[in-house]
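All remarks here apply to the structure that follows.
What follows draws every value from the coordinates through simple rules; no lab data is involved. In this text, all values refer to a predicted model and were calculated from it rather than measured experimentally. All Cβ positions, glycine included, derive from the backbone under ideal geometry; neighbour counts span all protein chains shown.
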Amino acid sequence: MTSAISPPCQPSFQWKGVSEGKEHQMRNCVDESHIPIRLLGISGSLRESSFNRRLLLTAAELLDPPFKLHVFSGLKAVEPFDEDDEAVPPPGATAMRQAIRAARGVVIATPEYNSSLPGQLKNALDWASRPRETSVLIGKPMLVIGASPSRFGAAWAQDEARKVLKRSGADVLEMGFALGNAFAEFDESNMLRSEAYRDQLRGLLLTFVEHIRPQESIFA
């Protein structure tokens, strides 16, 4: 996947402040192109070899630098949501909130249980969104994808996830990836085998990273 290249940093220079009549010097900017940009992947399935975890591993492989996708492994440890614990969340919920906060963007891969979201994923999103004042979802770029043994690729669950995320204030990309018949779509190394599907997922990831791409340069 080809990423847009940031322009080189401009050298320092001086300019005359119109209103103050003083000279100011622009600080050297720092090229961020070599600095890894962290994305977080969350699988809505707790199963170690789940289709959705494999989908995230494929996404991680398809991403070009500087973006790097880290798959979250602590969903099973997130405690049941309890409003009484909002002020001081328990350890599992805290770890998940910190992981989301530290990521530039989040990719959720969800299965579909009884035509909706898995309970543990919904529980995690409740923790991430509450209380509103300290929510880690507000403004956070989010992408929802999904895989399922059915031919619909968890499309309903993806819609439910986007609804929950948008209501929670997240910056949700209005696009998705629905992988149906998932039991036949991964190779021995747990990666998507179809080049057509890989290209489709690669294109979606490119759209997502362009959506969240940071400033091309920053001032040191």
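A few notes on this one:
- Of the residues screened, residue 182 is one that is in contact with a Pro (Cβ under 6 Å, 6 or more places away or on another chain), crowded, with 19+ Cβ neighbours inside 10 Å and not hydroxyl-bearing (Ser, Thr, Tyr).
- Among the residues making up the stretch 90-113, those that are surrounded by fewer than 22 Cβ atoms within 10 Å (Cβ to Cβ) and out of contact with any strand residue (DSSP E or B) (no Cβ under 9 Å at 6 or more places or on another chain) are 90, 91, 92, 94, 95, 97, 98, 101, 113.
- Filtered residues of the stretch 143-185 (kept if hydrophobic (A, V, I, L, M, F, W, C), in a loop (DSSP other than H, G, I, E, B), out of contact with any Phe, Trp or Tyr (no Cβ under 9 Å at 6 or more places or on another chain) and more than 17 Å from residue 122 (Cα to Cα)): 152
- Residue that is nearest to residue 206 (Cα to Cα), among those in the stretch 48-85 that are among the hydrophobic types (A, V, I, L, M, F, W, C) and in a loop (DSSP other than H, G, I, E, B): 63
- Hits in the stretch 186-216 - residues which are assigned to a loop (DSSP other than H, G, I, E, B) and more than 22 Å from the chain's Cα centre (by Cα): 187, 188, 189, 193, 194
- Residue count for the stretch 128-148 under the criterion of being loosely packed, with under 15 Cβ neighbours inside 10 Å and of a type outside the set (Lys, Arg): the result is 5.
- Subset of the stretch 92-119 [in contact with a Lys or Arg (Cβ under 7 Å, 6 or more places away or on another chain) and either among the aliphatic types (A, V, I, L, M) or part of a helix (DSSP H, G or I) (or both)]: 100, 102, 103, 106
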